[in-house]
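Take a look at the structure below.
The values are calculated or read from the model by the stated rules, or taken from the named source; none is laboratory data. Everything quoted here is computed from the prediction, not taken from an experiment. Quick reminder, even Gly has a Cβ in these numbers, built from the backbone with ideal geometry, and neighbours come from all protein chains shown. Just the protein is used for accessible areas: all its heavy atoms, side chains included, with ligands, DNA and RNA removed. Shrake-Rupley method; radii C 1.70, N 1.55, O 1.52, S 1.80 Å.
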Amino acid sequence: MSVETLAPAVDMDVLHGRLDALVAINPLPPDGACRLALTAEDRAGRDQFAAWAQAAGLALSVDAVGNMFASLHGARPDLEPVMSGSHLDTVATGGRFDGALGVVAALGVAEAMKASGKTLPRGLVVAAFTNEEGARFQPDMLGSLVHVGGLSVSEARDTVGVDGICLGDALDEIGYAGPMPPGAITPSAFIELHVEQGPILDAEGLTIGVVEGVQGISWQEVTFEGEANHAGATPMRLRQDAGRAALALGDTLNALTAQIDGLLATAGRIVMVPNLINVIPQRATITVDLRHPDDAALQKAEDCVGALAREAAQAAGVSHATRQLARFSPVPFDAGLQERIALAAEARGLPMRRLISGAGHDAQMLARTSKSAMIFAPSIDGISHNPAEATHREDIEKAVSVLGDVLWDLCCEESD
Ligand code: HGY
Ligand code: MN
Ligand code: MN
């Protein structure tokens, strides 16, 4: 297998202009944005993508959970298309590239293919999946999970966000509940371009990451229930302090990562009720995000968190309940596609390495029904989920050119 052709170049001024336009919807200094899933800002990003796709002459379709697909048709409609894309939603403190890069890069490749005047055997579908981040509605990668049949439309629509709003209502509100049934397009291959969001490529001075797979993800929400009381008049021995239990659980996570090699643990969100300086918390809700490349180790970490939550509740004299918000086992990417990416990087003389993705991505869901793989561009200092997220312009251009070469090659493939 080799990468025969260097694909026609993507217009990088247009690509960066599009990233600027997406950031400008709801900018966060220095160069980030907030476009939480299914908010007015997300709608604006979607509308922008739809306008670019239609102006490019691509056929736009939207499925029942708002996944968007812009299609460049191939010469052989009997052949499954190739798909490339990512997501347009961001965390509340998102960066310029997380998700958006994969969408505008795939769009740019489709436009370059169209401008080449050649109609390749396979079409190229540019995808923007709903609610990849999971910051508002859990689980993350929700749209692509529905696309591959891992969650029903009704379950997705019934999901209640951290703001108490139902996903279905938010989707209807922004007008992106589409007519297409989920999973209507099953690509022959899916390639996602994304920034690494970690420090490896930047630290090693490398340009391209050939992603071998995604580590396992476990999201739990633990709610402790105690009794509100006076902070000044209630002796310590008489307290049922839900906040004490939640803080105790959060405090044990660091020690847990020392016990389980390779484990990442984060208590990213903690909500106290009534959240007042002089009231002992009646209720405290804490989220626990666990990641590990090995499923058994992830399971062990989850069991430990369960025991630690019980101990914390007992010590504080409160009750507790745990909700699993997401649980995805580690996912390997297609070896053949990885090889194509490596060959394409090599053909352009770009320094690369293989690595596992620390972050979750839509590609891990597409891997359930299609050959799937990812290309990483370096993140400066590994910063992400932060408006300071940055990648050198020349690294973006090189990663986009590798994406273009791989997609061009895949669209020329007439055998299954
Ligand atoms: O949480 C993640 O890894 C991704 O950003 N949704
Ligand atoms: Mn992302
Ligand atoms: Mn993200």
Q: Give me a count of the residues in the stretch 366-381 that are under 22 Å from Leu22 (Cα atoms) and in a helix (DSSP H, G or I).
A: 1
(Q) Going residue by residue through the stretch 128-139, is there one that turns out to be at pLDDT 95 or above and more than 16 Å from ligand 2 (Cβ to nearest atom)? (A) no
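Check Gly45, Gly85, Gly102, Gly57 and return the single one that is small (Gly, Ala, Ser), open to solvent by less than 10 Å² (accessible area, probe 1.4 Å) and touching a Lys or Arg at 6+ places or on another chain (Cβ under 8 Å).
On the way: Gly85 fails: touching a Lys or Arg at 6+ places or on another chain (Cβ under 8 Å); Gly102 fails: touching a Lys or Arg at 6+ places or on another chain (Cβ under 8 Å); Gly57 fails: open to solvent by less than 10 Å² (accessible area, probe 1.4 Å).
From the options Gly45, Gly85, Gly102, Gly57, the qualifying one is Gly45.
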**Q.** Failed criterion for Thr223 (all others in (1) crowded, with 18+ Cβ neighbours inside 10 Å; (2) under 29 Å from Leu410 (Cβ atoms) hold)
**A.** (2)
Q: Those residues that are more than 16 Å from Leu403 (Cα to Cα) and more than 16 Å from ligand 3 (Cβ to nearest atom), I need them from the stretch 86-115; list them, please.
A: Ala115
**Q.** Pair list, Cβ < 8 Å and 6+ apart or interchain, from the stretch 332-359 residues that are touching a residue at least 24 places away in the same chain (Cβ under 8 Å) to residues that are part of a loop (DSSP other than H, G, I, E, B) and of a type in the set (Val, Ile, Thr)
**A.** Arg340/Val3; Leu343/Val3; Ala344/Val3; Ala345/Thr207; Ala347/Val3; Leu350/Thr207; Pro351/Thr207; Met352/Thr207
Q: May I ask you to list pairs of residues, at least six apart or on different chains, whose Cβ atoms are under 8 Å apart, with the first in the stretch 378-403 being of a type in the set (Lys, Arg) and the second being open to solvent by less than 50 Å² (accessible area, probe 1.4 Å) and assigned to a helix (DSSP H, G or I)?
A: Arg393/Met12; Arg393/His16
(Q) Just to verify a result, which residue in the stretch 140-160, among those that are in contact with a Phe, Trp or Tyr (Cβ under 6 Å, 6 or more places away or on another chain) and either within 16 Å of ligand 2 (Cβ to nearest atom) or among the aromatic types (Phe, Trp, Tyr) (or both), is farthest from Val91 (Cα to Cα)? (A) Ser144
Q) Which number in (1) farther than 26 Å from His147 by Cβ; (2) crowded, with 17+ Cβ neighbours inside 10 Å; (3) modelled with pLDDT of 95 or more; (4) of a type in the set (A, V, I, L, M, F, W, C) marks the one condition that Met12 misses? A) (2)
Q. Which one is farthest from ligand 3 (Cβ to nearest atom) among residues in the stretch 370-385 that are crowded, with 16+ Cβ neighbours inside 10 Å and not hydrophobic (A, V, I, L, M, F, W, C)?
A. Lys371
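Does Thr369 fit the bill of being among the hydroxyl-bearing types (Ser, Thr, Tyr) and more than 16 Å from ligand 2 (Cβ to nearest atom)?
It is true that Thr369 is among the hydroxyl-bearing types (Ser, Thr, Tyr) and more than 16 Å from ligand 2 (Cβ to nearest atom).
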Q: Would you mind finding the one in Arg157, Arg136 that is surrounded by 20 or more Cβ atoms within 10 Å (Cβ to Cβ) and among the basic types (Lys, Arg)?
A: Arg136
Q.
Return the pair list, or none, for Cβ contacts closer than 8 Å from residues in the stretch 45-64 that are within 23 Å of Val146 (Cα to Cα) to residues that are polar (S, T, N, Q) and buried (at least 16 other Cβ atoms within 10 Å of the Cβ), at least 6 apart or on different chains.
A. Ala59/Ser71; Leu60/Ser71; Ser61/Ser71
Q. Taking Asp334, is it open to solvent by 10 Å² or more (accessible area, probe 1.4 Å) and either at pLDDT 95 or above or within 22 Å of the chain's Cα centre (by Cα) (or both)?
A. yes
Q: Go through (1) farther than 17 Å from Ile396 by Cβ; (2) open to solvent by 10 Å² or more (accessible area, probe 1.4 Å); (3) assigned to a helix (DSSP H, G or I) and name the single condition Met113 misses.
A: (2)
Q. Does any residue of the stretch 73-85 turn out to be among the β-branched types (Val, Ile, Thr), in contact with a helix residue (DSSP H, G or I) (Cβ under 7 Å, 6 or more places away or on another chain) and within 16 Å of ligand 1 (Cβ to nearest atom)?
A. no
**Q.** Extreme residue, farthest from ligand 2 (Cβ to nearest atom), among residues of the stretch 384-408 that are part of a helix (DSSP H, G or I) and touching a helix residue (DSSP H, G or I) at 6+ places or on another chain (Cβ under 6 Å)
**A.** Asp405
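Listed residues Leu355, Leu308, Leu350, Leu325; which is touching a helix residue (DSSP H, G or I) at 6+ places or on another chain (Cβ under 7 Å) and part of a strand (DSSP E or B)?
Residue meeting the stated conditions: Leu355.
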Q: Search the stretch 190-205 for residues that are under 23 Å from Ala110 (Cα atoms) and pair each with any residue that is of a type in the set (Val, Ile, Thr) and open to solvent by 10 Å² or more (accessible area, probe 1.4 Å) when their beta-carbon atoms are under 8 Å apart and the residues are at least 6 apart or on different chains.
A: Val195/Thr391
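Per-residue answers, yes or no, for (1) of a type in the set (D, E, K, R); (2) open to solvent by less than 70 Å² (accessible area, probe 1.4 Å):
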| site | (1), (2) |
| --- | --- |
| Val271 | no, yes |
| Val279 | no, yes |
| Arg291 | yes, yes |
| Asp294 | yes, no |
| Lys300 | yes, no |
| Ala315 | no, yes |
| Leu325 | no, yes |
Q: Please give the number of the condition Pro199 fails out of (1) under 20 Å from Gly95 (Cβ atoms); (2) touching a strand residue (DSSP E or B) at 6+ places or on another chain (Cβ under 9 Å).
A: (2)
Q | Verdict on Arg340 being away from ligand 2 (no atom under 16 Å from the Cβ) and open to solvent by 70 Å² or more (accessible area, probe 1.4 Å) | A | no
